[in-house]
């Protein structure tokens with residue numbers, strides 16, 4: 001005797017000709033937005049704000065900061081922990097404008 005047959009012994013026998021109870025089919029409710037949700041505005045100073053169109057001063061400040069934090073064991077950028085030199089480079093990077101004002 002198998003385990004499956006032992007389980008099936010406790011089930012009532014299926015009676016031929018009986019169907020499952022009818023389920024009343026109602027239309028399902030639809031979810032509709034009451035008003036259109038606008039995404040939050042992203043910080044973009046221009047139509048094409050990227051490193052390729054940034055000022056040379058911004059790229060230099062960025063490169064100096066990144067080169068420093070890649071080798072400095074005291075700096076950990078995800079938590080904002082910097083050594084003295086790293087903090088100065090980060091401040092310079094943050095304060096340098098990415099785009100030249102016309």
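Readers should treat all values here as calculations from the given coordinates under stated rules, not as data from a laboratory. Keep in mind it's a predicted model, so treat the numbers as computed, not measured. Cβ sites come from the backbone with ideal geometry, for glycine too, and all protein chains shown count toward neighbours.
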Quote the FRET efficiency, to the nearest 0.05, computed for residue 72 versus residue 30 with a Förster distance R0 of 35 Å and r equal to the Cβ-Cβ distance. 0.05
Multiply the residue separation of residue 95 and residue 11 by 0.36 nm, subtract the distance between their alpha-carbon atoms, and state the gained length in nm to one decimal. 22.6 nm
Mean projected area, convex hull of alpha-carbon positions in the stretch 51-95, reported to one decimal in nm², is 3.1
Distance between modelled label sites at residue 59 and residue 88, nm, 7 Å Cα→Cβ extension: 2.5
